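Below is one structure; the comments refer to it alone.
The values are calculated or read from the model by the stated rules, or taken from the named source; none is laboratory data. Here the structure is a predicted model, which is why all the values come from computation and not from measurement. Cβ atoms come from the backbone with ideal geometry, glycine included; neighbour counts cover every protein chain shown. With ligands, DNA and RNA removed, areas are computed over all heavy atoms of the protein, side chains included. Shrake-Rupley method; radii C 1.70, N 1.55, O 1.52, S 1.80 Å.
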Amino acid sequence: MWWFQQGLSFLPASLVVWSAASFVFSYITAIVLHHVDPLVPYISDTGTIPPERCLFGIMLNISAFLGVATMYVRYKQVCALNPEKSKIIKLNKIGLTLGLISCFGLCIIANFQKSVLYYVHVVGACLTFGVGAIYMLVQTVLSYLMQPEIHSKDVFWIRLTVLLWCSSSIASMFVSSLVLYSGLYGTNLVQKLHWDPEEKGYTAHIISTVSEWSLAFSFLSFFLTYIRDFQKISLRAVVSLHGRTLYNTPQSFVADEQTLLTAGSI
């Protein structure tokens with residue numbers, strides 16, 4: 001049995017591989033069609049012009065779905081491992097809520113392009129990576145609370161390291177973006193897709209774009225730490241029929257009740 005066939009480990013693996021592919025494929029398409037500069041453009045710029053915009057949107061929507069599934073499984077796993085620890089249970093619910101908000105933000109990024117509705121796109125980015133960073137923090141705290149009984153200390157330190165990587169990328173991108181869009185280097189830079197290395201503001205632009213790529217891959221790297229945990233969990237749906245037919249009549253209700261009584265369900 002391959003490692004990705006164990007438990008539900010394919011979920012975080014699929015999330016990371018698919019999301020990374022959505023960035024890389026849209027980047028390659030945009031470069032081939034000369035829509036952006038080859039040297040570290042903004043991720044959003046690689047999904048601004050068709051046809052890469054269509055590819056970018058479709059793939060990120062699927063990433064959001066995979067993110068919801070991964071975060072829900074993580075939530076159920078923590079619940080099952082800590083059924084009587086109220087502190088962990090509360091933090092776990094908060095983490096799930098933050099994770100779902102982050103995935104919703106990813107849908108906004110996918111469907112509201114930077115060149116069309118810039119401020120809506122920025123809100124989506126803040127929800128995805130800002131709220132997502134808080135989700136990572138909550139999961140890191142949960143890892144701290146669950147070690148060494150549930151898992152080793154190494155898992156906590158790895159997640160803490162990735163969290164610090166993510167936080168430093170956010171800080172770097174925030175500061176460089178403030179400098180870049182402060183008005184010192186011109187206006188309407190949001191729509192600018194091609195940069196000359198001799199232009200003013202080019203250094204701030206490069207720092208900002210490198211920070212964005214670093215942020216995206218630090219975010220994805222956090223879910224790689226779920227793979228080993230997910231090898232030890234499986235979920236299944238239980239089907240419970242309330243009758244032998246789908247009719248909604250009084251006579252059917254009587255028959256259904258008799259059926260259930262016979263089966264010992266009431």
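Overview of results
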read-out	value
Quarter of the Cα convex hull surface for the stretch 1-132, i.e. its orientation-mean projected area (nm²)	9.4 nm²
Under 24 Å from the Cα of K192 - lysines, other chains or at least 8 residues apart	K114, K200
With every protein chain in place, the stretch 106-210: carbon and sulfur % of accessible area (1.4 Å)	70 percent
Mean Kyte hydropathy of -1.0 or more with a Cα span along the axis of at least 24 Å, helices from DSSP in the chain	10-32, 52-81, 86-111, 153-180, 202-224
Distance between modelled label sites at F65 and R236, nm, 7 Å Cα→Cβ extension	2.5 nm
Whole-percent carbon and sulfur share, accessible surface of the stretch 1-104, 1.4 Å	75 percent
Whole-number accessible area per residue in Å² for the chain, which is evaluated in the context of all protein chains at 1.4 Å	56 Å²
